[in-house]
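Heads up: the structure comes next, in structure tokens.
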Amino acid sequence: MLSILPTASLVVGPDGDVLHANPRTLALGLVNRMRLVVPELATLAAEVAESGAPIEREMRVRRPPLGRELLELHARTALLGTGVVLILIDDLSEERRVDAVRRDFVANVSHELKTPVGALSVLAEAVLSCSDEADQVRHFAERMQLEATRLASLIQDVIDLSRLQGDDPANRAEIVDVDEMVERAIDEVRTLATAHHVEFLVGQPSTAYLLGDRSQLQTAVRNLLTNAIAYSPSSTRVAVAARLADGIVEVMVKDQGIGIPANDLDRVFERFYRVDPARSRVTGGTGLGLAIVKHVCQNHGGECRVWSEVGVGSTFTLRLPAYVEGAPNPSLEVVQ
């Protein structure tokens, strides 16, 4: 019975030896050579053996053997016989981590929303104070329009990210022509590219197909293109190419922008993380674009890779499983 429990479970004998430990207990590293290696659990077992009363306790312990990671454990104990103690352990680490991420996300969203809302309030006061000066009113009205656009973009990105985290592309799976998807994404940002004097270079057709949510996939490509344009100097080029290799579709977006420092590469897909916050304010970035790209890739069983060098540029590559007609795909079903 203990072996099939999803939680960690173990039975400790009178002398402290572990009489039974299920696979989950061993995976957490709580037992080594049939001895408890977490002092807090050994102490708890001794208390129960002495008192005979069940004890329930939460504890934070260092994960054996190196102790570099903290485990949040909820332990429930009961006396089975003379000195024999049953311990059931729930690992709360992932639950606590998710709660922390959720709190941070709410805090970050609140902070990000305050910036444009506060700016709109200040600009509205400025318009009222100079209502008789047409040029000043026009200037502040344009600034208000920019802040309103930024606020709308942030809200839309938050909505998109929320949907992605609770959405399954299998619900709306369809066969997606990769070349057509890339072309549509480019058309959506062409006006922005023209305004920034950035030119697109498009590679040869890939003749590849994907199976998934067309809207999500196109959003991911569009976000990469928007990011490339925003961080590219005027009169530069953004290269876009797609190819099929070994059953994987790769969509690459390469810019000649400012690049990303090596110590920031691992964090660029985090929500609200910005390599250069000052520049992000100028470009109007929300800090959620690459997080959305990451979640789209994960939803479709793929990944997004990044290469970058400061002063040279960056290359973002979407890598997604290709759709092959007639091949079995148990995770997705085509929408007719």
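Considering the stretch 220-252, the residues that are among the small types (Gly, Ala, Ser) and under 15 Å from residue 182 (Cα atoms) include one that is surrounded by the most Cβ atoms within 10 Å (Cβ to Cβ), namely 220. Selection of the stretch 63-72 for residues being surrounded by 14 or more Cβ atoms within 10 Å (Cβ to Cβ) and free of Cβ contacts under 8 Å to residues at least 24 places away in the same chain yields an empty set.
For the stretch 69-115, taking the residues that are acidic (Asp, Glu) and outside any helix (DSSP H, G or I), the one that is modelled with the highest pLDDT is identified as 90. Evaluate the stretch 187-195: report whether one residue or more is closer than 29 Å to residue 323 by Cβ, under 23 Å from the mean Cα position of the chain (by Cα) and of a type outside the set (Asp, Glu). No: zero hits.
Can you tell me how many residues within the stretch 27-41 are under 18 Å from residue 90 (Cα atoms) and either loosely packed, with under 14 Cβ neighbours inside 10 Å or of a type in the set (Val, Ile, Thr) (or both)? Going through the stretch 27-41 one residue at a time, the tally reaches 5.
Condition check ((1) polar (S, T, N, Q); (2) in a loop (DSSP other than H, G, I, E, B); (3) at pLDDT below 60) across all residues:
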{"residue": "301", "(1), (2), (3)": "no, yes, no"}
{"residue": "305", "(1), (2), (3)": "no, no, no"}
{"residue": "311", "(1), (2), (3)": "no, yes, no"}
{"residue": "336", "(1), (2), (3)": "yes, yes, yes"}
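At least 1 residues being more than 13 Å from residue 80 (Cα to Cα), in contact with a Lys or Arg (Cβ under 8 Å, 6 or more places away or on another chain) and of a type in the set (Asp, Glu) is the threshold, and among the strands (runs of 3 or more DSSP E) wholly inside the stretch 1-68 those reaching it are 56-62. Would it be correct to say that residue 225 is over 16 Å from residue 185 (Cβ atoms) and at pLDDT 90 or above? For residue 225, the condition - over 16 Å from residue 185 (Cβ atoms) and at pLDDT 90 or above - is not met.
The values are calculated or read from the model by the stated rules, or taken from the named source; none is laboratory data. Computed from a predicted model, the values in this text were never measured in an experiment. When we count neighbours, we look across all protein chains shown, and the Cβ atoms used for this are built from the backbone with ideal geometry, even at glycine.
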